[in-house]
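Every number here is computed from the coordinates shown, using simple stated rules; none is lab data. Please read these numbers as outputs of a predicted model, since none were measured by experiment. Every residue, glycine among them, receives a Cβ derived from its backbone with ideal geometry; neighbour counts consider all protein chains shown.
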Amino acid sequence: MYTIKTFESLSSTNQYVKDNYVSLPHKSVIVAKHQTAGRGRFNRLWQDEEGLNLLASILIKEDNFSYPVGQCSLAVALAVSKALDSYTRNLIKWPNDILIHNRKVAGILLEAISSNSLHAVIIGIGINVNQTLFPEELKSKTTSLAIETGHLLPLEPTLESIITHFEVEYEALKRGAFAIGEYEARLTTIGQQVTYQGTSYIAKGVNPEGALILEGLHKRIAITSGEVEHVSLYKTSQS
Ligand code: BTN
């Protein structure tokens, strides 16, 4: 049972959950209509125009996590990607960016908390739904569901669909049955030339733990974190 709580404005839904995770129930979903200090991966800002986008954090609390947290991140990406299928075709950029026509429409920020007895994962999901204007530096890399579909969309059904899909993936994770193949089938990173830490590789696939396998001139590596850049990513959208 997911409990949804909506706020007009928060600094960050992830931060709110972090501050209150002890008292919040398992499967709490904290939603904000606006964030004043939304966070992205790698300490980047996640900006939004008030009331236009979906900004939510799901709290997962467990005594014992029986699955790799890395897989959880992929499971969330798969759930969001499936939820967005009802609007338009989308793909995943490893590990969990959702792209439409090579532009980012959604991002996911997972934060794990671990104290003596309690473990928690905060799953922050940001989806550009109705925003059509973006800051200059993001314009060529970013899109929204409104831009892609040509019309405004209500936020609640999208959230409900994400929760429904997440629940399926989460249950599969707990059974050790996460369908990594389904994730991989949506992964646009595979087969691409990418750069990782300044070196060029070809992305070959993901291993069962969700690590991305990269093949370089002289070595093959499996990475579990960090950022890969698709060398060709923004060429298509600009040409
Ligand atoms: C990324 O792609 O860098 C991840 C972006 C995650 C943004 C969401 S919006 C809701 C939640 N609260 C935050 O402060 N961040 C996440």
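In table form, for the structure just shown:
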read-out	value
Binned Cα-Cα distances of the stretch 102-222, short to long, each 5 Å bin given as a whole percent	2, 8, 12, 15, 18, 18, 15, 8, 3, 0
Count of Lys pairs (Cα-Cα under 12 Å; at least 8 positions apart or interchain) in the stretch 1-156	7
Size of electric dipole in the stretch 3-90: Cβ of Lys, Arg +1 and of Asp, Glu -1, about Cα centre, debye, nearest 20	180
Residue order, fewest to most surrounding Cβ atoms within 10 angstrom, among I100, I125	I100, I125
Potential lengthening between I4 and E209 on full extension [0.36 nm per residue; Cα-Cα distance subtracted]	70.8 nm
Ratio Rg/Rh [Cα only; Rh per Kirkwood] for the stretch 106-150	1.24
Rg/Rh (Cα only; Kirkwood hydrodynamic radius) as it applies to the chain	0.95
Candidates G126, G226, G51: whichever shows maximal mean-square fluctuation once the chain is modelled as a Gaussian network with Cα springs under 10 Å	G226
Lys/Arg +1, Asp/Glu -1 at C-beta; the chain dipole; positive extreme among H34, T199, I122	T199
Relative contact order (%) - the chain, alpha-carbon pairs under 8 angstrom, separation at least six	17
Label-point separation in nm, V22 to T164, each point 7 Å along Cα→Cβ	3.8
